[in-house]
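Colleague: Below is a structure I'd like to ask you about.
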């Protein structure tokens, strides 16, 4: 039996722009997409930490190095600039808990520009944690300089 598991997560990214008058999706800085291993046009679940709203959409590429997380289309009504969001991508596996290793990216401060001082993935055991049947997950910390783009 196939089960669905968390594959990748951008934890507490900060929304930099909402725009209702465009095709629905979530625009994410290509550097963040690459680090989290989330593909362009991949289905994602977005959870707004500040108001509790959750919605599914697909990821599109925002300018590399911009740090942008843009909520686009009708879902722009479900979030706001400055809100923290978790962006989750899932995958299927054939009931083998021990082979699942989610990639969790935690931007510091905000998801905004320039400071994607991307550190090399660590193999240190202190960044690996055991949860239930899942043996471990990888947490990568990225230093981000908070900046906001106001319209």
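The numbers here are math on the coordinates, done by the rules we state, and not lab data. From a predicted model like this one, the values you see are computed outputs, not experimental measurements. A quick note on method: Cβ atoms are made from the backbone with ideal geometry, for glycine too, and the neighbour counts reach across all protein chains shown.
Colleague: Using the beta-carbon distance between residue 21 and residue 106 and R0 = 25 Å, what value does 1/(1 + (r/R0)^6) give for FRET efficiency, to the nearest 0.05?
Modeller: FRET efficiency, residue 21 to residue 106: 0.20.
Colleague: Out of all DSSP beta bridges in the stretch 1-64, what portion is antiparallel? Express it as a percent rounded to 5.
Modeller: In the stretch 1-64, approximately 55 percent of DSSP beta bridges are antiparallel ones.
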